[in-house]
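Structure first, then comments.
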């Protein structure tokens, strides 16, 4: 009888290890950005940073588009045709700071949809920082 308990415990351990590996592989998305996409995103990110002093609002809008691009590349068919808000809902496991990503995306929506909206420089910096973290969480190398 004791022998069966050891086998049962060993099987449970194997299943638990399998589940942990599965969860981590799903969290990382499985897909990686191709090298040409890495280069495109990196170059585009530095253009966004350069434009920040001239127009923080435009920089936030562009960073949001860049995040959308990366999520579409990483998520494949799972995100095909969805707006960024839906991609963020489905892809929350990708991000280490989900609240920061949502803060940035909501700021983008304010800029895009509200007339005469004023955003503070600190909030715009916070949004860009959240976008940078999100891009890095998706595997983009941004020095």
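Here are the numbers for this structure:
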quantity: Counting all C-alpha pairs of the chain, share separated by more than 17 Å (%); calculated: 64 percent
quantity: Folded to 0 to 90 degrees: helix 35-52 orientation relative to the chain principal axis, Cα; calculated: 40 degrees
quantity: Where labels lie 7 Å past Cα in the beta-carbon direction, separation of residue 4 and residue 114 in nm; calculated: 6.6 nm
quantity: The chain: angle of helix 2-27 to the longest principal axis, Cα-based, in degrees nearest 10; calculated: 20 degrees
quantity: Calculated FRET value between residue 43 and residue 121, using beta carbons and R₀ = 25 Å, to 0.05; calculated: 0.50
quantity: With Cα atoms, 0 to 90° folded angle of helix 121-137 axis to the chain main axis; calculated: 40 degrees
quantity: 222 nm mean residue ellipticity, helices alone, for the chain (DSSP H n ≥ 4; -39,500 (n - 2.57); rounded to 500); calculated: -24500 deg cm²/dmol
quantity: Fraction of the pair-distance distribution of the range 65-143 above 22 Å, Cα-Cα pairs, percent; calculated: 22 percent
quantity: For peptides 108-119, 61-72, sequence by mean Cβ density within 10 Å, most packed first; calculated: 61-72, 108-119
quantity: Rel. contact order, % - alpha carbon contacts under 8 angstrom, at least six apart, the chain; calculated: 30 percent
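Bear in mind these aren't lab numbers, they're just calculated from the coordinates by the rules spelled out. Small disclaimer: the values here were computed from a predicted structure and weren't measured. In this analysis, Cβ positions are derived from the backbone assuming ideal geometry, glycine residues included, and neighbour counts consider all displayed protein chains.
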